[in-house]
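J.: Submitted below is the structure of interest, expressed as structure tokens.
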Amino acid sequence: MKSLKFQSVFDIIGPVMIGPSSSHTAGAVRIGKIVSSIFDDTPTEVEFQLFNSFAKTYRGHGTDLALVAGILGMDTDDPEIPNSLEIAHKRGIKIVWTIQKDSNAPHPNTTKITVKNAYKSISVTGVSIGGGNIQVTELNGFSVSLSMNTPTIIIVHQDVPGMIAHVTEALSRYNINIAQMTVTREKAGEKAIMIIEVDSRSCEEVIEEIRKIPHLHNVNFFK
């Protein structure tokens, strides 16, 4: 008899969520929230390119509400998710939908999100793979492979020498092993992003230490 392996409790019972579909709502919220964490600022405009299944059913399944809710920083069980579009409008955030029904995206539940304000712009491609689980496949034009189903630290920092060393040294002091790491930047000397998958779910203490590193803008830890 072949044994079953689960990476997350989501694989067994699904996430606590608002909405009819874990792929179209819970996963969409999580994608939006990851993008919000990476952007680390108040956007003036967010464009959602929706592919395949997302493009065909995004309103009927509440994917539009869920994606915007994530951009606003909401969790999957936030009762304000149905009001997310109205909240975004009140905050002066322009929402743009670009529907790609005939695309060749590798997964039906795919969205490319571009977030911008007067100072910066980022793009992230995310996939909702079911049960509230997601993958990040592109960041600022760079191909990445992040399941976001393992403990992940996202750090927004200034692009100055020594930042990677400071962060990895802090993780080493707390005996936290790095499974995968992606680093990208806007341009030399501007803001940069570190995405670090780790083997430990107990990172609260090291996160507090990382927050003290100079030239660091924002740190988020996703268990």
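The values are calculated or read from the model by the stated rules, or taken from the named source; none is laboratory data. Being a predicted model, the structure only gives us computed values, none of them experimental. Using ideal geometry, Cβ is built from the backbone for each residue, glycine included, and neighbour counts are taken over all protein chains shown. Surface areas here come from the heavy atoms of the whole protein model, side chains and all, with no ligands, DNA or RNA. Shrake-Rupley method; radii C 1.70, N 1.55, O 1.52, S 1.80 Å.
J.: Determine the pairs where a residue that is at positive phi, located within the stretch 67-81, has a partner that is buried (at least 17 other Cβ atoms within 10 Å of the Cβ) with Cβ atoms under 8 Å apart, the partner being 6 or more residues away or on another chain.
T.: G73/K33; G73/S36
J.: In the stretch 128-141, is there at least one residue being outside any strand (DSSP E or B) and among the hydrophobic types (A, V, I, L, M, F, W, C)?
T.: No.
J.: Does V144 fit the bill of being under 21 Å from the mean Cα position of the chain (by Cα), open to solvent by 30 Å² or more (accessible area, probe 1.4 Å) and among the aliphatic types (A, V, I, L, M)?
T.: No; evaluated as a whole, the condition is false for this residue.
J.: Now for a separate question. Count, please, the residues in the stretch 128-145 that happen to be under 17 Å from A66 (Cβ atoms) and free of Cβ contacts under 8 Å to residues at least 40 places away in the same chain.
T.: Applying the first criterion (under 17 Å from A66 (Cβ atoms)) to the stretch 128-145 yields 128-136.
Now drop any that are not free of Cβ contacts under 8 Å to residues at least 40 places away in the same chain, which leaves 135.
Qualifying residue count for the region: 1.
J.: Look through the stretch 81-120, keep the residues that are assigned to a strand (DSSP E or B) and over 23 Å from S145 (Cβ atoms), and return whichever of them is nearest to the chain's Cα centre (by Cα).
T.: Just the residues of the stretch 81-120 that are assigned to a strand (DSSP E or B), to begin with: 94-100, 110-116.
Those still in the list that are over 23 Å from S145 (Cβ atoms) too: 94-99, 116.
Working: K94: 19, I95: 18, V96: 19, W97: 18, T98: 19, I99: 20, K116: 15 Å.
By that ranking, first place goes to K116.
J.: Answer yes or no as to whether T111 is at pLDDT 90 or above, surrounded by fewer than 19 Cβ atoms within 10 Å (Cβ to Cβ), touching a strand residue (DSSP E or B) at 6+ places or on another chain (Cβ under 9 Å) and not hydrophobic (A, V, I, L, M, F, W, C).
T.: Judged against the criteria, T111 is not a match.
J.: Something else: Condition check: open to solvent by less than 20 Å² (accessible area, probe 1.4 Å), part of a strand (DSSP E or B) and among the polar types (S, T, N, Q). Does T184 satisfy that? Before the answer, list the steps.
T.: On the way: open to solvent by less than 20 Å² (accessible area, probe 1.4 Å): yes; part of a strand (DSSP E or B): yes; among the polar types (S, T, N, Q): yes.
Yes.
J.: If R30 meets every condition in (1) at pLDDT below 90; (2) within 16 Å of S128 (Cα to Cα); (3) open to solvent by less than 60 Å² (accessible area, probe 1.4 Å); (4) not aromatic (F, W, Y) apart from one, which number is that one?
T.: With respect to (1) at pLDDT below 90; (2) within 16 Å of S128 (Cα to Cα); (3) open to solvent by less than 60 Å² (accessible area, probe 1.4 Å); (4) not aromatic (F, W, Y), R30 is out only on (1).
J.: Test S172 against the stated conditions and say whether it is farther than 18 Å from I122 by Cα, part of a loop (DSSP other than H, G, I, E, B), free of Cβ contacts under 8 Å to residues at least 12 places away in the same chain and open to solvent by 50 Å² or more (accessible area, probe 1.4 Å).
T.: no
J.: Given the criteria under 19 Å from the mean Cα position of the chain (by Cα) and modelled with pLDDT of 90 or more, does V219 qualify?
T.: Judged against the criteria, V219 is a match.
J.: Which count do you get for residues in the stretch 39-63 that are within 17 Å of V29 (Cβ to Cβ) and crowded, with 16+ Cβ neighbours inside 10 Å?
T.: Total meeting the criteria: 12.
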